[in-house]
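What follows is calculated from the coordinates using simple rules that are stated; it is not laboratory data. Note that the structure is predicted; figures quoted are calculated from it, not measured. Cβ sites come from the backbone with ideal geometry, for glycine too, and all protein chains shown count toward neighbours.
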Amino acid sequence: MALASTANSALDFGPASALSCRECGTRYDLGPIFACIECFGPLEVAYDFGPVTREEIAAGPTNIWRYSKLLPVPGNVETRPNLQPGWTKLVKADNLAGELGLRSLYIKDDSGNPTHSFKDRVVAIALEAARNFGFHTLSCSSTGNLAGAVGAAAARAGLDSCVFIPSNLEEAKITMASVYGGRLVAIDGTYDEVNRFCSELIGDELGEKWGFVNVNLRPYYAEGSKTLAYEIAEQLGWRIPDQIVIPVASGSQLTKIDKGFRELIKLGLVEDKPYKIFGAQAEGCSPVSSAYKAGHDVVQPVKPDTIAKSLAIGNPADGPYVLDIARRTGGAVEDVNDREVVDAIRLLARTEGIFAETAGGVTVGVLRKLTESGALDPEAETVVLNTGDGLKTLDAVAAEARPAAVIRPSLAAFRTAFAN
Amino acid sequence: MSVSVRIPTILRTYTGGAAEVSGEGGTLREVLQKLDADYPGIGARILDETGKIRRFVNVYVGEEDVRFVEGLDTPTPEGVQISVIPAVAGG
């Protein structure tokens, strides 16, 4: 699609027209900025959407670029080297639904992405922004999944990468963050401390020409999560589900899924209907859930202590918006403890053959808790997100997922072991 | 107490581009008051109209997020580094 020449004619962000402060509405030209100069509020991408039809989308590639006219990316994005994430399975989970007493349940299984988490979606958008701004290095603060996604995307795109993680992450995530050949730096501290470090690095000459996907490119990056909403609606036959359970770390994913649903309604791609958004946290890092339950509209930071390390953000940037959305849509924010997380991972694996990482255990655990408490309507169409792969968090279940017996290779030994 | 204050990129228009400036005060509140006296207007960017730290600003005294300690009353010992950072990052 040819775009009219503008003041920023070197930049090509497709339908994106500006950045706008979510707090005070101040607008800015598209650029590598993320916080409002007036109030420090988060900047988000504003659009001038052209006409978009279901047919056009359905004829597009089987990845997130089928929605390129709804994203801040150039029109030719699908021809550029990137990981082509998305279009993951929406699994009809009748076994799990039966066990929980739900009529209609689907799992959006984002472990099927190229680096096995939803992070490939957001990184793909940030990568295009990095290219637009002429950055040579892709970077991030990460609880693990993002570091791997950034490393892989940079490798595919031919950019350098330098990613930062807390040093206590799961082994599989450390390996994945390192294997793609970029620089991996482990920081002796919590994720929030890593995040703070990156925010300071960005203002320093050491971070010159670096695109930190979740800091100075965050307005673009975050838009990638809208594709979860688009895909879920399209895979349901262009329908928004009645209720959806989404994990909450920074809260960005939840807020962007809501934004995605609202855009589909506004563009006439789905029927306007009410939907309820539920946020899921681990008890050991539940600042948003605590604020929800206390009736607060601000989030008091916490120091995380949970096996759900990918959700262990104690100072969640979009926490206040998660509260707004849960309340506006009639949803809720709930948390489960580590034991419930492990049980939920095993429940999902046993009923649906999906091995989720701990974050998926959190969402399924919260799904179960909200169903039992009556907060979720068992008759309503429900979607739950699994955002990552259990192979990355083996330690969570390794002690319990063991051979039933170790025997010699003989029928007699098998008979003896399983006679009862 | 003499302290140093790290200024985020979006507030460096107030400090003539300086990423770090020196400050003075026994508590964070006093340091921010002095900072605003030295660089008029910067205080209102960090604090809201009720005088509280803005919702999307993180302030650290040394390693500690002041929300975990005494907020604006957090003591600022001699030589400590204070950092003002946009909260909208990560995830």
* Structure fact -> Under the Karplus relation with 6.51, -1.76 and 1.60 and θ = phi - 60°, whole-Hz ³J(HN,Hα) for segment B:40-49, x at Gly and Pro, equal x, x, 5, x, 6, 7, 8, 10, 7, 5
* To do: Taking 7 Å along the Cα-to-C-beta vector as the label spot, tell me the residue A:404-residue B:1 distance in nanometres, rounded to one decimal.
  => 6.4
* Asked: For segment B:2-86, what is the percent of antiparallel DSSP beta bridges, rounded to the nearest 5?
  -> 80
* For segment A:9-50 and segment A:95-111, compute the distance between their C-alpha centroids and round to whole Å. => 37
* Report, as a whole number in µm² per second, the diffusion coefficient that Stokes-Einstein gives for the protein assembly as shown at 20 °C and 1.002 mPa s using the Kirkwood radius over alpha carbon pairs. => 91
* Structure fact -> Exposure-ranked with fewest Cβ neighbours within 10 Å first, A:209, A:309 stand as A:209, A:309
* Asked: So what's the gap between the Cα centers of segment B:17-89 and segment A:53-68, to the nearest angstrom?
  -> 47
* Residues whose placed amide H lies under 5 Å from that of residue A:183, excluding near-sequence neighbours -> A:161, A:162, A:163
* Neighbouring partner chain Cβ atoms per residue of B:41-51, average, 10 Å criterion -> 1
* Percent of alpha carbon pairs in segment A:69-157 separated by more than 16 Å? -> 59
* Asked: Using alpha carbon coordinates only, what is the Rg to Rh ratio of segment B:2-86, with Rh defined as the Kirkwood radius?
  -> 0.91
* To do: Can you find, among A:174, A:139, A:159, the residue farthest towards the positive end of the dipole of segment A:119-219? Put +1 on the C-beta of Lys and Arg, -1 on that of Asp and Glu.
  => A:159
* Expressed in whole Å with the largest first, what are the equivalent ellipsoid semi-axes of segment A:381-420 derived from the C-alpha gyration tensor as the square root of 5 times each eigenvalue? -> 35, 15, 8
* Beyond 25 Å between alpha-carbons counts as too far, so tell me which of A:92/A:273; A:108/A:173; A:69/A:266; A:108/A:276; A:108/A:259; A:173/A:303 fall in that bin. => none
* To do: Provide the descending list of Cα extents for segment A:119-219 along its principal axes, expressed in whole angstroms.
  => 34, 27, 21
* To do: Work from the charge dipole of the protein assembly as shown (Cβ charges, +1 for Lys and Arg, -1 for Asp and Glu, about the Cα centre) and give the residue of A:291, A:45, A:315 farthest towards its positive end.
  => A:45
* Taking the alpha-carbon centroid of each part, what is the distance from segment A:303-344 to segment A:136-166 in angstrom? -> 25
* **Structure-based [θ]222 nm, the protein assembly as shown - -39500 (n - 2.57) summed over DSSP H runs of at least 4, per residue, nearest 500** => -9500 deg cm²/dmol
* Given chain A, what percent of its DSSP beta bridges are antiparallel, to the nearest 5? -> 30
* Structure fact -> The answer for residue A:47, listing residues at least 5 apart or on another chain whose modeled amide H is closer than 5 Å to its amide H, is A:17
* Structure fact -> Among beta bridges assigned by DSSP with both residues in segment A:119-219, the antiparallel ones amount in percent, to the nearest 5, to 0
* **On Cα atoms only, tilt of A:119-132 relative to the major axis of chain A in degrees** => 20
* Considering amide H positions built from the backbone, and no H for Pro or chain starts, which residues 5 or more places from residue A:389, or on another chain, come under 5 Å of its amide H? -> A:357
* Asked: Short version: ³J(HN,Hα) in whole Hz for each residue of segment A:206-219, in order, from phi by Karplus 6.51 cos²θ - 1.76 cosθ + 1.60 (θ = phi - 60°), x for Gly and Pro, what are they?
  -> 4, x, 4, 6, 9, x, 7, 4, 9, 10, 6, 9, 4, x
* Burial ranking of peptide ranges A:396-405, A:82-91, A:114-123 (average Cβ count within 10 Å, highest at the top) -> A:114-123, A:82-91, A:396-405
